[in-house]
Amino acid sequence: LFQKASKGSRYRLDEAHDADIGQNAIQGYSIETNEYFRLNVIEKGGGGKYSELILQKELDREQKQELAIVLVATDGGTPQRSGTAVIHVSVLDANDNAPVFSQAVYEASLPENSPLDIVVITVSATDADEGVNGEVTYEFDHISDESHNVFSIDQKSGEVRVSGPIDYEHLSSYEMQITAKDGLGLVSSCTLIIDITDVNDNAPITTIKSLKNPVPENSPLGTEVGIVNVQDRDSESNGQVRFFIQQGVPFKLVPSIKNYYSLVTTGQLDL
Ligand SMILES: [Ca+2]
Ligand SMILES: [Ca+2]
Ligand SMILES: [Ca+2]
Ligand SMILES: [Ca+2]
């Protein structure tokens, strides 16, 4: 029988035989009480009786794959005689379960510049059905080009790997939808968030703009002669810059607005 057979479905059973006639032939059939089937006995036109099983409760292969029902046929003789047969019912699978992910949201963390092919995380979904009904494949679902360029997913294993250059300074977090699909197309999805961690892969870049060049030797103390800008594209301590000026020169750096310093005179420039 198929899983999903509807309540009230009827299954005719072979008739029992009794060599006697009249009262001494088959008078009735019965089965043990069970939750799935009841028995209906039908009288045939020319005498004789057969029976049919009527489904009372839908079968669920994921709950119960096999059941055995004992059918008893009795005659009307004295002493009464009976014969039994066991009806084996195999429940065939219907694709009534979608894959289920082990987590709704997966999170991973990955340093920038990670090598190609490294496995970031493995997602996993199970499907309670049998055979092709339970075979799960994975894929990204409408992901951005940004994600598509740097991550790939193995259809069979659910392994997510690095497939392109990961640059924290370009993008520091990725969010993707992944779907799991069974052999007949039932799907479910999960979210994958990958946070990129910073690596100190940028040196500071300094630019100097002169305000006065040449600087007159009689310039008063504290004359601003240049503006220095410094940029480090990394984050937090990787992007913090400490500034030194060569010793023994009559200049110092005075912090101005963010990332800018003024270069000012600290003594006589008299040559
Ligand atoms: Ca099923
Ligand atoms: Ca399924
Ligand atoms: Ca960096
Ligand atoms: Ca840096």
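Take the residues of region 1-59 that are of a type in the set (Val, Ile, Thr) and not in a strand (DSSP E or B): which is modelled with the lowest pLDDT?
Top of the filtered list is Ile21.
Given Asn259, Asn238, which one is open to solvent by less than 50 Å² (accessible area, probe 1.4 Å), closer than 23 Å to Glu169 by Cα and not hydrophobic (A, V, I, L, M, F, W, C)?
Of the residues listed, the single one that is open to solvent by less than 50 Å² (accessible area, probe 1.4 Å), closer than 23 Å to Glu169 by Cα and not hydrophobic (A, V, I, L, M, F, W, C) is Asn238.
If I ask for residues that are assigned to a strand (DSSP E or B) and either outside the structural domain of Ala125 (by TED's automatic domain parsing) or open to solvent by 50 Å² or more (accessible area, probe 1.4 Å) (or both), which ones from region 174-189 would you list?
Glu175, Gln177, Lys181, Val187, Ser189, listed by residue number.
What number of residues within region 210-236 satisfy the criterion of being free of Cβ contacts under 8 Å to residues at least 24 places away in the same chain and outside any loop (DSSP other than H, G, I, E, B)?
Final tally of qualifying residues: 1.
How about region 94-113: which of its residues are within 16 Å of Glu159 (Cα to Cα) and more than 8 Å from the chain's Cα centre (by Cα)?
If the condition is that a residue be within 16 Å of Glu159 (Cα to Cα) and more than 8 Å from the chain's Cα centre (by Cα), then Glu107, Ala108, Ser109, Leu110 are the ones that fit.
Output the residues belonging to region 190-202 that are crowded, with 21+ Cβ neighbours inside 10 Å and away from ligand 4 (no atom under 16 Å from the Cβ).
Across region 190-202, the qualifying residues are Cys190, Leu192, Ile194.
Considering each residue of region 128-150, count those that are open to solvent by 20 Å² or more (accessible area, probe 1.4 Å) and part of a loop (DSSP other than H, G, I, E, B), and give that number.
So the answer is 9.
Are any residues in region 42-67 under 52 Å from the mean Cα position of the chain (by Cα), open to solvent by 60 Å² or more (accessible area, probe 1.4 Å) and closer than 18 Å to Arg12 by Cα, and if so, which ones?
Gln56, Lys57, Glu58
Evaluate the following for Asp154: is it within 16 Å of ligand 3 (Cβ to nearest atom) and either closer than 22 Å to Asp117 by Cβ or without any contact (Cβ under 8 Å) to a residue 40 or more places away in the chain (or both)?
In short, no.
Look at Val241 and say whether it is among the aliphatic types (A, V, I, L, M) and modelled with pLDDT of 90 or more.
For Val241, the condition - among the aliphatic types (A, V, I, L, M) and modelled with pLDDT of 90 or more - is not met.
Take region 151-173 and flag every residue that is open to solvent by 60 Å² or more (accessible area, probe 1.4 Å) and polar (S, T, N, Q).
The answer is Gln155, and nothing else.
Restricting region 167-186 to residues that are within 16 Å of ligand 3 (Cβ to nearest atom) and out of contact with any strand residue (DSSP E or B) (no Cβ under 6 Å at 6 or more places or on another chain), which is nearest to Phe101 (Cα to Cα)?
Leu171
Please go through region 69-109 and give me each residue that is acidic (Asp, Glu) and either open to solvent by less than 40 Å² (accessible area, probe 1.4 Å) or in a strand (DSSP E or B) (or both), ordered by number.
Asp75, Asp93, Glu107
Take Glu112 and tell me if it is in contact with a Phe, Trp or Tyr (Cβ under 9 Å, 6 or more places away or on another chain) and open to solvent by less than 40 Å² (accessible area, probe 1.4 Å).
yes
The values are calculated or read from the model by the stated rules, or taken from the named source; none is laboratory data. All figures in this text were calculated on a predicted structure; none of them were measured in a lab. Don't worry about glycine lacking a Cβ; one is built from the backbone with ideal geometry, like all the others, and counts go over all protein chains shown. Ligands, DNA and RNA are stripped out before the accessible areas are found, and what is left, the full protein with its side chains, is counted by its heavy atoms. Shrake-Rupley method; radii C 1.70, N 1.55, O 1.52, S 1.80 Å.
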